[in-house]
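Written below as structure tokens is the structure these notes are about.
The values are calculated or read from the model by the stated rules, or taken from the named source; none is laboratory data. Remember, predicted model here, so these are calculated numbers, not experimental data. All Cβ positions, glycine included, derive from the backbone under ideal geometry; neighbour counts span all protein chains shown.
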Amino acid sequence: MNSMPSGKLAPESLERCVLHFGGATRPELVVGPAVGEDAAVIRWPDGKFLVFTSDPIVGAGAGAGRLLVQVNANDVASKGGEPAFLAVTLILPPSLGEAGACSLMTEIHGACAELGIAVAGGHTEFNDRYDRPVLMGAMIGMADRVLSARDIRPGDRLLATKHLAIEGLSILAQDRPDLLEPCMDRGELMEVASWGALTSVVPEARALRDLARFLHDPTEGGFWGGVSEMERLAGHRFRVEEDRVPLHPLTLRAAERLGFDPLHLIASGSLLAVLPPEALEEAGKRLDDLGIPWASVGEVAQEAFHGDVSTREELWGLLRRPLEVRS
């Protein structure tokens, strides 16, 4: 890769390695990204709600572009919205070069095209103050109704999709395989590393958004962090049947070997849904039809919630552990 000077890309480079990758084609996008255009213009349908979110990816390597799309799309989808438009800011170390910018945008384009999201604009520059890429995404989507925690009622059921700690285990497998190697063979380690492809919850959110009272994408703090956030928003405690919370056997094995709580490990990839009890059967049928595993893991209690949100996150301590050397 050829190093780049600090500053914006030249227009011809910008068109070649950034603007060429526009994600999906959407008819509402009147003015999209182009040299000389200061902002996107989007025709907004009547009777829709705007859902907006913004999330960064800092210091990530391979897969960072795809992850940027997924974490932003998850937030929009969890509010009942259909992810539609993404603005991307790339601040890149000069050593990454034009080819590095092109590689990130190729990932972003592919992930956006899969989910029907148009890249509507953004900003790209090389900056010698950074030695790792900084990616910022701002995404908007359209929703037909507002999913509000104020609508959660005692007796509502709590559903979880896939299995918990997907993101946390995949990060460990990629960044600290030495921690997992003592309890996994090579094939199992590769399987866990591949879980990064499961971090999107858009398919299950699409399936449940007309049935759910509330949807939540648990990230830092894992399952318990996500539950406590919903308890605070709803004002009610959630009665969780912990033995029903889905955890992969490899996650349980790693947790026992390393001594951490997998339900406090960053958990993108699993969607938490609060549903009226009468909607649980239909929700399960829809997820089954999509081939998405799920479990009913608890219910909303009458008891009021007056506590604090759990901020405990296991990942950072695991990543700081001394390098494990196998004899």
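For segment 216-224, does any single residue satisfy the condition of being more than 18 Å from L147 (Cβ to Cβ), small (G, A, S), out of contact with any Leu (no Cβ under 6 Å at 6 or more places or on another chain) and in contact (Cβ under 8 Å) with a residue 40 or more places away in the chain?
Restricting attention to segment 216-224, the residues satisfying the condition of being more than 18 Å from L147 (Cβ to Cβ) are 220-224.
Narrowing the set further to residues that are small (G, A, S) leaves 221-222.
So of that shortlist, the ones also out of contact with any Leu (no Cβ under 6 Å at 6 or more places or on another chain) come out as 221.
Still in the running and in contact (Cβ under 8 Å) with a residue 40 or more places away in the chain: 221.
Checking segment 216-224: at least one residue is more than 18 Å from L147 (Cβ to Cβ), small (G, A, S), out of contact with any Leu (no Cβ under 6 Å at 6 or more places or on another chain) and in contact (Cβ under 8 Å) with a residue 40 or more places away in the chain.
Please determine, by comparing only the residues of segment 217-230 that are part of a helix (DSSP H, G or I) and not hydroxyl-bearing (S, T, Y), which one is surrounded by the fewest Cβ atoms within 10 Å (Cβ to Cβ). Step by step, filter segment 217-230, then rank; the result is E229.
Residue by residue through segment 110-133, note down the ones that are surrounded by 20 or more Cβ atoms within 10 Å (Cβ to Cβ) and either among the aromatic types (F, W, Y) or assigned to a helix (DSSP H, G or I) (or both). Matches in segment 110-133: A111, C112, L115, F126.
If you go through segment 79-138 and keep only what is in contact (Cβ under 8 Å) with a residue 60 or more places away in the chain and aromatic (F, W, Y), you end up with just F126.
Looking for whichever is at pLDDT 95 or above, under 28 Å from V18 (Cα atoms), outside the structural domain of G298 (by TED's automatic domain parsing) and out of contact with any Ser or Thr (no Cβ under 9 Å at 6 or more places or on another chain) here; the options are G137, G121, G100, G110. Which one fits?
Details: G137 fails: out of contact with any Ser or Thr (no Cβ under 9 Å at 6 or more places or on another chain); G121 fails: at pLDDT 95 or above; G100 fails: at pLDDT 95 or above.
Every option except G110 fails the conditions.
From the list L233, L258, L275, pick out the single residue that is under 22 Å from A173 (Cα atoms), surrounded by 13 or more Cβ atoms within 10 Å (Cβ to Cβ), out of contact with any Ser or Thr (no Cβ under 7 Å at 6 or more places or on another chain) and not assigned by TED's automatic domain parsing to the domain that holds Q70.
On the way: L233 fails: under 22 Å from A173 (Cα atoms); L275 fails: under 22 Å from A173 (Cα atoms).
After ruling out the rest, the residue left standing is L258.
Hey, could you check segment 21-33 for residues that are assigned to a loop (DSSP other than H, G, I, E, B) and loosely packed, with under 13 Cβ neighbours inside 10 Å and say which is modelled with the lowest pLDDT?
Of segment 21-33, the ones assigned to a loop (DSSP other than H, G, I, E, B) are 21-22, 24-28, 32-33.
Going one step further and asking which of them are loosely packed, with under 13 Cβ neighbours inside 10 Å, we end up with 25, 27.
On the way: T25: 93, P27: 88.
Checked segment 21-33; the qualifying residue modelled with the lowest pLDDT is P27.
Taking the numbered list (1) under 18 Å from E12 (Cα atoms); (2) of a type in the set (G, A, S); (3) exposed (fewer than 15 other Cβ atoms within 10 Å of the Cβ); (4) without any contact (Cβ under 8 Å) to a residue 60 or more places away in the chain in turn, A62 passes all entries but (1).
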